[in-house]
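One structure is given here, and the rest of the page talks about it.
The values are calculated or read from the model by the stated rules, or taken from the named source; none is laboratory data. Since the structure is predicted, the reported quantities are computational estimates derived from the model, not experimental observations. For neighbour counting, all protein chains shown are included, and Cβ atoms are generated from backbone atoms with ideal geometry for every residue, glycine included.
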Amino acid sequence: MTKNSIQIRNLNNDRIDPIQARWCQSFFSRLQGFTFRSELAENEGLVLVEARDSRMDTAIHMFFVWTDLAIAWVNSGNTVVDVALAKAWRPFYASAKPARYVIEFHPKRHGDFKPGEQVSFNHD
């Protein structure tokens, strides 16, 4: 894994395989996200990192994203606050509650995280 790579684990269910994700903290890495990607591996993901919990700052778009994505919004206490299956080319998705992290991952894994569950971000 690269220096911006992390492993995401569901702490409430150890049977769920971890996601290997890229930690996207800069404006440009968050902006790029999975834009212009037509496919991704089942264990691949991104974590879009904001400075604080917010509904507006963690809203995402799916313009120029050519594949559906599973989304989990996680607050600063590492608790999942909302989930969605984001469809390609849709204009807007936002969490029902404030979040600091947006995890984007393979749509087949939608359901790996549920509101109220705890996650860990393990940096290498």
In the stretch 78-95, is there at least one residue being assigned to a strand (DSSP E or B), farther than 19 Å from Q20 by Cβ and in contact with a Leu (Cβ under 7 Å, 6 or more places away or on another chain)?
-> yes
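Mind checking whether some residue in the stretch 20-31 is outside any strand (DSSP E or B), aromatic (F, W, Y), out of contact with any Phe, Trp or Tyr (no Cβ under 8 Å at 6 or more places or on another chain) and within 14 Å of H106 (Cβ to Cβ)?
Step one: list which residues in the stretch 20-31 are outside any strand (DSSP E or B), which gives 25-31.
Among the residues that remain, those that are also aromatic (F, W, Y) are: 27-28.
Then keep just the ones that are out of contact with any Phe, Trp or Tyr (no Cβ under 8 Å at 6 or more places or on another chain); that gives 27-28.
Those left that are additionally within 14 Å of H106 (Cβ to Cβ): none.
Scanning the stretch 20-31 turns up no residue that is outside any strand (DSSP E or B), aromatic (F, W, Y), out of contact with any Phe, Trp or Tyr (no Cβ under 8 Å at 6 or more places or on another chain) and within 14 Å of H106 (Cβ to Cβ).
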So which pairs qualify, if the first residue must be in the stretch 49-60 and touching a residue at least 24 places away in the same chain (Cβ under 8 Å) and surrounded by fewer than 16 Cβ atoms within 10 Å (Cβ to Cβ), the second must be assigned to a loop (DSSP other than H, G, I, E, B) and not β-branched (V, I, T), the Cβ gap must be under 6 Å, and the two must be at least 6 apart or on different chains?
-> S54/P98; R55/A94; R55/S95; R55/P98; A59/A94
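Do the conditions hold for T67, that is, is it of a type in the set (V, I, T), at pLDDT 95 or above, outside any strand (DSSP E or B) and farther than 18 Å from N4 by Cα?
Details: of a type in the set (V, I, T): yes; at pLDDT 95 or above: no; outside any strand (DSSP E or B): yes; farther than 18 Å from N4 by Cα: yes.
No; evaluated as a whole, the condition is false for this residue.
Just to be sure before I move on: is K108 of a type outside the set (A, V, I, L, M, F, W, C), assigned to a helix (DSSP H, G or I) and either closer than 16 Å to R9 by Cβ or touching a residue at least 12 places away in the same chain (Cβ under 8 Å) (or both) in the structure I sent? So that I can check it myself, show each step before the final result.
Details: of a type outside the set (A, V, I, L, M, F, W, C): yes; assigned to a helix (DSSP H, G or I): yes; either closer than 16 Å to R9 by Cβ or touching a residue at least 12 places away in the same chain (Cβ under 8 Å) (or both): yes.
It is true that K108 is of a type outside the set (A, V, I, L, M, F, W, C), assigned to a helix (DSSP H, G or I) and either closer than 16 Å to R9 by Cβ or touching a residue at least 12 places away in the same chain (Cβ under 8 Å) (or both).
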Looking at R15, R22, R9, which is the one that is within 15 Å of E117 (Cα to Cα), of a type outside the set (G, A, S), out of contact with any helix residue (DSSP H, G or I) (no Cβ under 7 Å at 6 or more places or on another chain) and touching a residue at least 12 places away in the same chain (Cβ under 8 Å)?
-> R9
One residue from A51, A72 being in contact with a Phe, Trp or Tyr (Cβ under 6 Å, 6 or more places away or on another chain), modelled with pLDDT of 95 or more, in a strand (DSSP E or B) and not basic (K, R) | A72
Which of the residues belonging to the stretch 79-112 are closer than 14 Å to A59 by Cα and among the β-branched types (V, I, T)?
-> V81, V83, V102, I103
